[in-house]
Amino acid sequence: MFSLFKYLVWLVISLACLMFATISISEFLVDSAIDAPYDEKLMDYVGLLGNDVRVENGELHLPAGAVQLLRSDRRDRIYYAVRDNDGNVVAGEPQMAPLVGAPRFGVATLQNGQIGEEPVRVAVLQLPDPRNADDTITIQVAETLNKRQALTEALRTQAVALPQVLVLVVAILLIVYGYTFVLRPMQRLRALIDNRGSNDLSPLDPEAAPQDLRPLILSINGLMERLSTSVAAQRRFIADAAHQLRTPLAGIKSQTELALVERDPGAVRVALKRLAKGTEHATELANRLLTLARAGTPLTAPPVDVDLIGVVRDTIAQHLPDALARRHDLGFEGRLATPCVVHGDALLLREMLSNLIDNALRYSPDGGAITVSVERDPRSGGVTLAVADTGPGIPADERERVFEPFYRGADVVAAGTGLGLPIVRTIAHAHGASVSLGPGADGHGLRVAVAFPGAMPLAA
């Protein structure tokens with residue numbers, strides 16, 4: 001509030017300074033505009049006197065009509081004088097203001113001067129002396145500034161200062177209006193947001209904001225709704241993770257207590273084996289949770305070109321011992337000599353494929369076949385990475401739910417964490433890819449396909 005008040009004060013001061021600058025410029029322009037017609041009239045007078053100069057008995061004289069014309073002004077007094085070649089006043093009024101600088105021959109010029117204590121405007125014209133063509137005379141006509149000053153003051157007050165003051169007053173009123181009817185509702189809205197708790201993501205009231213800001217409030221409400229959905233999903237995920245971790249930890253605790261009180265070495269060994277199995281399950285679950293959390297975070301490093309064929313080759317080699325132990329046929333279908341590029345994170349892509357192969361090995365019966373394939377669409381340049389197995393498959397009505405963390409079908413008997421496919425989809429989406437589920441070869445088993453758009457052959 002205080003900063004807003006300072007802003008308003010600064011705005012008023014700026015407007016006032018701008019007004020004074022405008023007034024100063026306007027006064028200068030007014031003075032110039034007022035002087036122009038009076039100066040032109042003064043030069044006409046000096047020209048007329050120059051034409052009317054006469055020689056009588058060897059002296060210079062002006063006709064009575066010309067002098068009477070100069071005396072006709074009721075508000076200003078007009079002085080005149082004729083100077084000889086030496087600068088002496090030979091006709092007119094001796095108190096005429098002295099010359100400033102050398103006059104220009106045949107051209108009327110203007111000067112500022114003073115007669116007594118009164119400022120005057122002087123027109124000066126130099127002509128040939130009618131008594132002697134080799135000499136010159138200088139004619140001066142001076143006018144007091146009463147009309148100029150009166151008109152200037154009137155224009156400065158009525159045409160310059162008064163409108164500027166009115167504009168400033170109206171601007172201040174508009175600022176006050178804006179503060180009262182526009183900024184104050186925004187202040188109330190800000191206070192409403194500041195007073196909210198960190199867990200309050202309920203929508204804001206659009207009526208509490210000015211009309212022009214209501215679309216912004218609606219956009220904020222949409223964002224808060226998405227945040228609320230995301231926070232609720234995170235809370236469910238944390239609750240599910242805690243529940244899933246509680247089971248193996250409880251088993252570890254009970255087996256540890258049993259091993260501590262058991263005296264039979266054989267029974268102790270059985271308890272330790274169960275303890276090791278529970279620890280392995282808890283470790284796997286924790287690793288899967290960390291992988292899911294890391295996959296859900298936007299890529300911090302810039303994406304690089306990753307050879308998808310190389311990722312497939314390395315990941316199959318990693319799982320080959322487990323496949324041989326279970327008597328599974330784990331193989332690749334495609335051309336290993338034709339590399340393909342996707343843009344992303346090689347570590348996450350390996351993790352995604354590892355989860356797919358691990359699920360296929362886990363759920364396929366002994367002696368099953370797991371096939372990893374890479375197919376490139378020659379028209380779009382996209383690449384599809386697929387893993388097909390000969391396991392029980394997933395019913396069509398459950399194929400969307402299996403991407404929820406910790407969800408496991410009712411008929412599933414194999415051990416698992418329920419995080420494999422959620423990790424696959426999260427990593428795929430981070431790379432702009434899509435995941436689809438379908439039946440395997442001959443309609444049996446499961447085929448998981450990850451489609452990457454716009455992949456291209458690896459540059460030589």
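Values as computed for the structure displayed
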{"quantity": "Residues (open to solvent by less than 60 Å² (accessible area, probe 1.4 Å) and more than 16 Å from ALA232 (Cα to Cα)) located in the stretch 198-213", "calculated": "LEU204, PRO206, ALA208, ALA209, PRO210, LEU213"}
{"quantity": "Number of positions in the stretch 226-282 that are hydrophobic (A, V, I, L, M, F, W, C), open to solvent by 100 Å² or more (accessible area, probe 1.4 Å) and modelled with pLDDT of 75 or more", "calculated": "2"}
{"quantity": "Any hit, the stretch 449-460, residues being in a strand (DSSP E or B), at pLDDT below 80 and not charged (D, E, K, R)", "calculated": "yes"}
{"quantity": "Single condition ALA16 does not satisfy, out of (1) within 30 Å of ASP134 (Cβ to Cβ); (2) outside any strand (DSSP E or B)", "calculated": "(1)"}
{"quantity": "Selection count where residues are within 13 Å of ASN85 (Cβ to Cβ) and modelled with pLDDT of 90 or more, scope the stretch 102-125", "calculated": "0"}
{"quantity": "Test: residue in the stretch 377-399 that is under 19 Å from ARG425 (Cα atoms), part of a helix (DSSP H, G or I), among the basic types (Lys, Arg) and open to solvent by 20 Å² or more (accessible area, probe 1.4 Å)", "calculated": "no"}
{"quantity": "Considering residues of the stretch 327-346 that are part of a loop (DSSP other than H, G, I, E, B) and within 20 Å of LEU421 (Cβ to Cβ) only, the residue least open to solvent (accessible area, probe 1.4 Å)", "calculated": "HIS328"}
{"quantity": "Exclusive hit being of a type outside the set (Val, Ile, Thr), under 19 Å from ALA441 (Cβ atoms) and modelled with pLDDT under 85, set ALA396, ALA337", "calculated": "ALA396"}
{"quantity": "Among (1) aliphatic (A, V, I, L, M); (2) in contact with a strand residue (DSSP E or B) (Cβ under 6 Å, 6 or more places away or on another chain); (3) at pLDDT 85 or above, the one test that LEU361 misses", "calculated": "(2)"}
{"quantity": "Exclusive hit being touching a residue at least 40 places away in the same chain (Cβ under 8 Å) and under 25 Å from PRO37 (Cβ atoms), set LEU162, LEU110", "calculated": "LEU110"}
{"quantity": "Strands (runs of 3 or more DSSP E) within the stretch 49-131 that include 3 or more residues open to solvent by 60 Å² or more (accessible area, probe 1.4 Å) and polar (S, T, N, Q)", "calculated": "none"}
{"quantity": "Inter-residue pairs, beta-carbon under 6 Å, first in contact (Cβ under 8 Å) with a residue 12 or more places away in the chain and closer than 16 Å to ALA441 by Cα and in the stretch 355-374, second part of a strand (DSSP E or B) and aromatic (Phe, Trp, Tyr), 6+ apart", "calculated": "VAL372/PHE332"}
{"quantity": "Selected residue (only one of THR371, THR315 is among the hydroxyl-bearing types (Ser, Thr, Tyr), open to solvent by less than 70 Å² (accessible area, probe 1.4 Å) and out of contact with any Ser or Thr (no Cβ under 7 Å at 6 or more places or on another chain))", "calculated": "THR371"}
{"quantity": "Residue list for the stretch 433-444, filter: in contact (Cβ under 8 Å) with a residue 24 or more places away in the chain and open to solvent by 30 Å² or more (accessible area, probe 1.4 Å)", "calculated": "LEU437, PRO439, ALA441, HIS444"}
{"quantity": "Filter result (open to solvent by 60 Å² or more (accessible area, probe 1.4 Å), at pLDDT 80 or above and outside any helix (DSSP H, G or I)) within the stretch 132-174", "calculated": "ASN132, ASP134"}
{"quantity": "Test: residue in the stretch 409-417 that is under 22 Å from HIS328 (Cα atoms), among the hydrophobic types (A, V, I, L, M, F, W, C), modelled with pLDDT under 80 and open to solvent by 70 Å² or more (accessible area, probe 1.4 Å)", "calculated": "yes"}
{"quantity": "Check on LEU349, open to solvent by 20 Å² or more (accessible area, probe 1.4 Å) and more than 18 Å from PRO439 (Cα to Cα)", "calculated": "no"}
{"quantity": "Residue that is closer than 30 Å to LEU69 by Cβ and touching a Lys or Arg at 6+ places or on another chain (Cβ under 8 Å), where the choices are LEU155, LEU99, LEU151, LEU127", "calculated": "LEU99"}
{"quantity": "Residue within the stretch 64-81 that is farther than 30 Å from LEU168 by Cα and among the β-branched types (Val, Ile, Thr) present", "calculated": "yes"}
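The values are calculated or read from the model by the stated rules, or taken from the named source; none is laboratory data. These numbers were taken from a predicted model, which means no experiment stands behind them. Neighbour counts run over all protein chains shown; Cβ positions are idealised from the backbone, glycine included. Calculation scope for accessible area: heavy atoms of the full protein, side chains included, ligands and nucleic acids excluded. Shrake-Rupley method; radii C 1.70, N 1.55, O 1.52, S 1.80 Å.
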